[in-house]
Amino acid sequence: MSTERDDASPRHEWLTGMPWRMHLLIAFLGLTTIGMVVYGFRTGDRIAATHAPLVDAVKEVRIRVATAQLWVEEAVGGDPNVKPETIWSLFDDADAYAVAMLEGGETPDGVCVRLPNARMREEMQDVRKTIAALRRSAEARLAAREDIAAGRRLDERYDTLFLTLLDKIGDVDAQIQDMIAADLRRFQWTQWGLIVVAVLIWGAAGLAFRSFERRRSTALRETHAANEALASEMIRRQQVEREREKLIGKLETQNAELERFAYTVSHDLKSPLITIKGYVGMLQEDLVKGDPSQVEDDLDRISGAADSMNELLADLLELSRIGRLVNPSEDVPLQELAQEAIELVGGQIREAGVVVEIAPDLPVVFGDRIRLREVLQNLIDNAVKYMGAQPNPRIELGTRHDGDRSEYYVRDNGIGIDPCYNERIFGLFDQLDPKAEGSGIGLTLVRRIVEVHGGHVWVESPGRGHGSTFCFTLAPKPSHTCLPANDTLRDEAGVKMG
């Protein structure tokens, strides 16, 4: 025990015998070390607390504007699911973030932010003005989406404003990144100075330094995560740009198809009008001559032209409804639909002496029963109409499989189709045989209905005199129980069979 006391005594004397100035120095060094550690912690927290909300706010402005841009393109393209209120809400949210950064208020996320210098605030003020101009341009685009010429001019104006806005947001973001980089550089220089001082002054400061390093590593990881998020956002913006380009291309295609549609409609409606006008003049002459039989003939021809125009308008109305008004979808036995379609075309079938065979293995499909029946009815009617002088006319309805996909077909042994017309026959109005009955819209209706049901229709024929096989597919039954009530479908003018 005496040895232990002797051993402890010198250490005790070393502590108690130390001059009071040394005690003050030790206390000062301890406080200095603590101060350095606290300074490091507070600096890291300050950088994160100051800049992270700004980075997030600028990112949210970009996201809102890019999303609004995508919805504007969808709305201009005719998507009825896009509501203008949603677009204006996105513009309002983007403006709210900009106002918060200008005036130091809360963002829609409830975070207080404010740009730290006048230059950034001036840039953000320009961003607000550009957002307002972009919104006005978007409103003009939606108002003029039916006017092709005006729409193109507004598209150019809108695209210019959108790219200008992205540049301005990018300028603000670049300034924030520069500010973050400058703060980090100052922070790193101060940090290394404190490390050197801590090593020279107090060996025990190494413990605090390790704790500080852990904090620093955390801050760097958060900064790295933020940079990765920004990189991901840039990738997403590029994807939005690509989608925008696709939408622009789709809109251009639809505009061209609309022009072809308008031309075809005006041409086909003009013909019966000219006929009516011509026979009205002849009717006047025959009335003057007092020729009752000729007057009756003139009236018959005028009535026939009016009936032709009425049939054309009725077919156009039917075509316009496809894809917008859809009956409730249900499970439909294709066998029953085939029988119903044959009954509807029974008169033509019996008159032409056609034998119709229905395969016994037709499955149950999912869709609009009435529209699917129209598909089979039009295909059977088309086959009967173009059967030709066939001694044993025959039509087959069946199904086949291509891998996991089911294909349904209507095959005939009629006059066949030249392969060069395989795509064009589904176009609008024109017929390969101008003497054939009908307005030339049947196969266009077939294509529209099949596309609404998520399928594809095509024709297979070796050529003239070898019959034709019209094939189509349908989408499988979805997890939900209804087809979309609105779908943008294409009108296409071209040569078709019936």
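The packing ranking of peptides 466-475, 166-175, highest mean first, is 466-475, 166-175, where packing means the average number of other beta carbon atoms within 10 angstrom of each residue.
A convex hull fitted to the Cα coordinates of the stretch 109-193 yields 113 cubic angstrom per residue. Take each peptide in 73-81, 50-58, count the other Cβ atoms within 10 Å of every residue, and average; sorted highest first, the result is 50-58, 73-81.
Per-peptide packing, taken as the mean over residues of other Cβ atoms within 10 Å, places 457-463, 400-406 in the sequence 457-463, 400-406 from highest down.
Every read-out reported here was derived from the displayed coordinates using simple, explicitly stated rules and does not represent laboratory data. Just so we're clear, the structure is a prediction, and the values are computed from it rather than from any experiment. Cβ coordinates were reconstructed from backbone atoms using ideal geometry, including for glycine residues, and neighbour counts include every protein chain displayed.
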